[in-house]
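Engineer: Structure incoming, see below.
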Amino acid sequence: MAGKVKWVTDIEKSVLINNFEKRGWVQVTESEDWNFYWMSVQTIRNVFSVETGYRLSDDQIVNHFPNHYELTRKDLMVKNIKRYRKELEKEGSPLAEKDENGKYLYLDFVPVTYMLPADYNLFVEEFRKSPSSTWIMKPCGKAQGKGIFLINKLSQIKKWSRDSKTTSFVSQSTKEAYVISLYISNPLLIGGRKFDLRLYVLVSTYRPLRCYMYKLGFCRFCTVKYTPSTSELDNMFVHLTNVAIQKHGEDYNHIHGGKWTVSNLRLYLESTRGREVTSKLFDEMHWIVVQSLKAVAPVMNNDKHCFECYGYDIIIDDKLKPWLIEVNASPSLTSSTANDRILKYNLINDTLNIAVPNGEIPDCKWNKSPPKEVLGNYEILYDEELAQGDGADRELRSRAGQTPGPKGGRSRDTGRAGLTTWK
């Protein structure tokens, strides 16, 4: 082995540093020669910016794609998914099939969303079609539940616009851009509480797309029982699952942190709803992840020095339909409980095993799939090269036949077989 990996990070988290030290890697400063830089999204901007950026050599890798925001900014993710649907429609793809009301049968996995201020008039039109609905407003570039609020009257939007110190919507700068989405007001509840799922997805390359799903995702519960009552619209302990918010609730549990593992959720749903619908739900969640990555792959700068671990946030409604809420570029590495620390340590460990094969100095000319034994708790979710090689992209499309259930005319067995090839 030719020398030790030299690492840098600007995120001082023990789950990272312990993993680097365990491998015997050597810490250096960013002004020295480094091989591996685990950096914040702010730093990645500088590394790849036209003015301040520098050329990475073949023995250097970083943990973000240059324009990851195409997936991880709320407005751009929606824009890219809308564009992807239109392209599939143009191609006459069966994936873009719609029902009699003009709704996508298989690509309707993001709540109806508009950008504000740009789409204000479109939003008003939609709002008036169902005036009793609730909408959720989120600033495009913020995380951890900051700046989020719920509305159910147009007057609230107008007030927000005034409060934002603008004379009109149009004069708002893009920095203050918001997305407004139809609020999922019928979430699946467990013990009367709302929850969402955090799934970790690793992308090693976008073209060809190769991505992995981490088996140890978790559910985050609200501390207060859910009510769709409009009088509680401003109680964020009822509506937002972010730990950054829930940990301030008086019923927050510091031992389990209001979290369940995804495998516990699966067991719970199998016993209360049945195995078949649970499998279908999990298949659909995996399907959503792959489709969202396929939607951004054409615009992603697929730099060979990059990999990225995303935090996918998904909400399941009471009809067991999963909805993609957003994707995070730097999922939190802060541990709220002991279990959390172990999970995140293992997540980084398994991520490094795939991103830095054998813990050796990276070689960006190397683009082979890692062998199964190094995947740890990751499993391959989609490998475009394999899929094209064995026709599994046809199988991916054939899921379209599987999704509607018995009416799709596919027996369960062929659905299962389709899935395995699809992977």
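Engineer: In the stretch 175-197, what count of residues is obtained for those that are within 16 Å of LYS321 (Cα to Cα) and not hydrophobic (A, V, I, L, M, F, W, C)?
Structural biologist: 6
Engineer: Select, from TYR212, TYR268, the only residue that is aromatic (Phe, Trp, Tyr), part of a strand (DSSP E or B) and at pLDDT 95 or above.
Structural biologist: When all the criteria are applied, what remains is TYR212.
Engineer: I need a count of the residues in the stretch 1-25 that are among the hydrophobic types (A, V, I, L, M, F, W, C), within 26 Å of ARG45 (Cβ to Cβ) and either surrounded by fewer than 15 Cβ atoms within 10 Å (Cβ to Cβ) or touching a Ser or Thr at 6+ places or on another chain (Cβ under 8 Å) (or both).
Structural biologist: 6
Engineer: Still on this structure, I have one more. Restricting the first residue to the stretch 334-352 and requiring it to be modelled with pLDDT under 80, which pairs with a second residue that is open to solvent by 20 Å² or more (accessible area, probe 1.4 Å) and part of a helix (DSSP H, G or I) meet a Cβ separation below 8 Å and a spacing of at least six or different chains?
Structural biologist: Every condition considered, the pairs that remain are SER335/ARG341; SER336/VAL243.
Engineer: Quick check on the stretch 288-298. Is at least one of its residues outside any helix (DSSP H, G or I) and under 28 Å from PRO139 (Cβ atoms)?
Structural biologist: yes
Engineer: Looking for something in contact with a helix residue (DSSP H, G or I) (Cβ under 9 Å, 6 or more places away or on another chain), assigned to a loop (DSSP other than H, G, I, E, B) and within 18 Å of TYR214 (Cβ to Cβ) - is there at least one such residue anywhere in the stretch 343-363?
Structural biologist: No.
Engineer: Inspect the stretch 302-310 for any residue being modelled with pLDDT under 95, open to solvent by less than 20 Å² (accessible area, probe 1.4 Å) and among the hydrophobic types (A, V, I, L, M, F, W, C) and give the result as yes or no.
Structural biologist: no
Engineer: Would you mention how many residues in the stretch 29-52 are part of a loop (DSSP other than H, G, I, E, B), open to solvent by less than 20 Å² (accessible area, probe 1.4 Å) and among the β-branched types (Val, Ile, Thr)?
Structural biologist: Within the stretch 29-52, residues that are part of a loop (DSSP other than H, G, I, E, B), open to solvent by less than 20 Å² (accessible area, probe 1.4 Å) and among the β-branched types (Val, Ile, Thr) number 0.
Engineer: Report whether or not ASP251 is of a type outside the set (A, V, I, L, M, F, W, C), at pLDDT below 95 and either within 30 Å of LEU95 (Cα to Cα) or open to solvent by 10 Å² or more (accessible area, probe 1.4 Å) (or both).
Structural biologist: yes
Engineer: Out of GLU21, GLU87, GLU70, report the one residue that is among the charged types (D, E, K, R), modelled with pLDDT of 95 or more, part of a helix (DSSP H, G or I) and within 23 Å of VAL356 (Cβ to Cβ).
Structural biologist: Working: GLU87 fails: within 23 Å of VAL356 (Cβ to Cβ); GLU70 fails: within 23 Å of VAL356 (Cβ to Cβ).
None of the others qualify; the one that does is GLU21.
Engineer: Right, here's the next one. Test of understanding: among LYS153, LYS175, LYS165, which residue is modelled with pLDDT of 85 or more and open to solvent by 30 Å² or more (accessible area, probe 1.4 Å)? Even if it seems obvious, please write down each step before you answer.
Structural biologist: On the way: LYS175 fails: modelled with pLDDT of 85 or more; LYS165 fails: modelled with pLDDT of 85 or more.
Answer to the selection: LYS153.
Engineer: Cβ contacts < 9 Å: first residue more than 21 Å from PHE307 (Cβ to Cβ), restricted to the stretch 279-297; second residue surrounded by fewer than 21 Cβ atoms within 10 Å (Cβ to Cβ) and of a type in the set (S, T, N, Q), any location; separation 6+ or different chain. Result?
Structural biologist: LYS280/THR403; ASP283/THR403; GLU284/THR403; TRP287/THR403
Engineer: Next question. Can you tell me how many residues in the stretch 367-384 are closer than 12 Å to PRO357 by Cα and aliphatic (A, V, I, L, M)?
Structural biologist: Of the residues in that region, 2 qualify.
Engineer: If only one of SER292, SER330 is closer than 28 Å to VAL78 by Cβ, at pLDDT 95 or above and of a type in the set (S, T, N, Q), which one is it?
Structural biologist: Testing whether each residue is closer than 28 Å to VAL78 by Cβ, at pLDDT 95 or above and of a type in the set (S, T, N, Q) leaves just SER292.
The values are calculated or read from the model by the stated rules, or taken from the named source; none is laboratory data. Bear in mind the structure is a predicted one, so any value in this text is a computation, not a measurement. Cβ sites come from the backbone with ideal geometry, for glycine too, and all protein chains shown count toward neighbours. All accessible areas refer to the heavy atoms of the entire protein, side chains included, with ligands and DNA or RNA removed. Shrake-Rupley method; radii C 1.70, N 1.55, O 1.52, S 1.80 Å.
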